[in-house]
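All of the numbers you see were taken from the coordinates with simple rules; none came from a lab. Since the model is a prediction, treat every value here as computed from it, not as a measurement. Positions of Cβ are backbone-derived with ideal geometry, glycine not excepted, and every protein chain shown enters the neighbour counts.
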Amino acid sequence: LSDRLSGVLDKLTKQGALSEADVATALREVRVALLEADVSLPVARDFVKAVQTKAEGQAVTKSVTPGQQVVKIVHDELVHVLAGDAADIGALKIDSPPASILMVGLQGSGKTTTTAKLAKRLSERDKKRVLMASLDTRRPAAMEQLAVLGTQIGVDTLPIVPGQDAVAIAKRAKQQATLGGYDVVMLDTAGRLHVDDELMGEVAAVRDATKPHETLLVVDGLTGQDAVNVAEQFDGQVGISGVVLTRMDGDGRGGAALSMRAVTGKPIKFVGLGEKMDALEEFHPERVAGRILGMGDIVSLVEKAQETIEAEQAERMMKRFQKGQFNMNDLKKQLEQMQQMGGMQGIMGMMPGMGKLSKQMEESGMDDSVIRRQIALIQSMTKKERANPQIMQASRKKRVAAGAGLEVSDLNRLLKMQRQMADMMKKMGKMGKKGMMRGALG
Ligand code: GDP
Ligand code: MG
């Protein structure tokens, strides 16, 4: 997956500017990446459309490559969609005690585990008195499971009374919470293998009986295309206030996160990262965005793309250097590189002897505006003059300086710099390629 994207980047970074075709090519691959990450088809389609609109409306930034720009737009949009209103993340509305939190979801999604994890967090981190109740009357061991976890984390659970249905248990739990002075009561419901009317009916009845402050949908992060369906059903029929994504410690891509955000618009609040009781974190949109795109870290990919161009340019230039060549075209490339990097780093700094020269240039005030003017001077030269700067005589100098709106003295400084660098190249050429590489690495 990341190979696919960096392949696109490689293609794009060889071109000069972000064109409509660039955007289209990149987005085709992004769409595939999203689908491979288990984002549902309609969500992936809409997302790509949104990105396309944004990308086309944006001016091309000279200082980044097209690949960087497309990936940044995609990544930013992904984070934007995933994050929504960031204030919702990790936050629960539990200020009026006893506040009830209803945990819903399919069987095996991690409801009971997450109930206990959240209870632990609320009691330890937020100093809340928490009561947990299992409303799972289907599976014989479900209530015991929660009781065992409660003991383990030091949180109270509602005493088990056999024969009660989910609504009756929920009412008893609320009563107990009020009487016992609890701040929060957590209601862990039963799930089903699939969404069905019976499940929805039961959960809706519990909702009506308890008027929960939060209804959290617990979804297995490894859920694929079905995540949209699950989220739609629960939100439509029960109404959810947020999502908890579990099993994000696994190797799922987390596409379910994007699907559910897009379909319900409800915040993803927490993420489960293991079976242990403290394996619960607030949702980090940046991390999941990187994961969906198949990159651990978008920045490192952008850097990799940058390195690829640098390496190619460096190699091309080295070949010329070996022959002792360094004309105005080379100088222009160097200047543009400096501009891109925002300073005197990169290839020049890596090469023996060049580091010193670049330092001199920096000390002599080679800032952005100076670099811009020098590039303007080179641009106003003819092709012939750029390739053979030694032919620059007085009349040519006058014409070139005027063309750039500058003085002949400015041009003289540029020519001097070019000569100095050409000299340096000649010396380096004698060292041979191997020597230079060693020097560059050492
Ligand atoms: P429920 O049926 O929705 O109540 O699901 P459970 O809470 O009983 O969890 C089912 C299984 O998933 C248990 O073995 C849990 O330990 C495991 N589980 C829950 N959350 C996570 C998680 O975030 N990561 C991992 N690796 N396992 C989890
Ligand atoms: Mg359970």
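Taking amide H atoms as placed 1.01 Å from N in the peptide plane, list the residues 5 or more away in sequence, or in a different chain, whose amide H sits under 5 Å from that of ALA99.
Correct list: VAL184, VAL185.
ASP156's amide H: which non-local residues (gap 5+, or another chain) put their own amide H closer than 5 Å, with H modeled 1.01 Å from N in plane and none for Pro or chain starts?
It is VAL130, MET132, by chain and number.
Can you pick out the pairs among LYS120/LYS211; LYS397/LYS426; LYS333/LYS416; LYS93/LYS117 whose Cα atoms lie more than 20 Å from each other?
In this structure, LYS120/LYS211; LYS397/LYS426 lie more than 20 Å apart at Cα.
Could you sort the peptides 112-120, 46-54 by per-residue average Cβ neighbour count (10 Å cutoff), highest mean leading?
Working: 112-120: 25.0, 46-54: 16.3.
The most tightly packed comes first, giving 112-120, 46-54.
What list do you get for VAL195, VAL130 if you sort them by fewest beta carbons within 10 Å?
On the way: VAL195 17, VAL130 30.
Ordered from fewest to most neighbouring Cβ atoms within 10 Å, VAL195, VAL130 come out as VAL195, VAL130.
When the convex hull of the C-alpha atoms of segment 87-285 is computed, what volume per residue in Å³ does it have?
106 Å³
Mind listing the long-range amide H neighbours of LEU280? Cut-off is under 5 Å, sequence gap 5 or more, other chains count too, H placed in the peptide plane at 1.01 Å from N.
Here the answer is LEU273, since their amide H atoms fall under 5 Å of that of LEU280.
In what sequence, highest mean first, do 71-79, 256-264 appear when ranked by Cβ atoms within 10 angstrom? Please list the in-between numbers first.
On the way: 71-79: 21.1, 256-264: 25.6.
Result, highest mean Cβ count within 10 Å first: 256-264, 71-79.
Order of ASP126, ASP197 from fewest to most other C-beta atoms within 10 Å?
On the way: ASP126 12, ASP197 8.
Ascending number of Cβ neighbours within 10 Å: ASP197, ASP126.
Highest mean first, how do 266-273, 414-421 rank when packing is the count of other Cβ atoms within 10 Å averaged over residues? Can you show the working numbers first?
Values: 266-273: 23.6, 414-421: 18.0.
So the peptides 266-273, 414-421, ranked by packing, come out 266-273, 414-421.
What list of ³J(HN,Hα) values in whole Hz, one per residue of segment 240-255 in order, does the Karplus curve 6.51 cos²θ - 1.76 cosθ + 1.60 (θ = phi - 60°) give from phi, with Gly and Pro shown as x?
10, 9, x, 10, 10, 9, 9, 6, 7, 7, x, 9, x, 7, x, x
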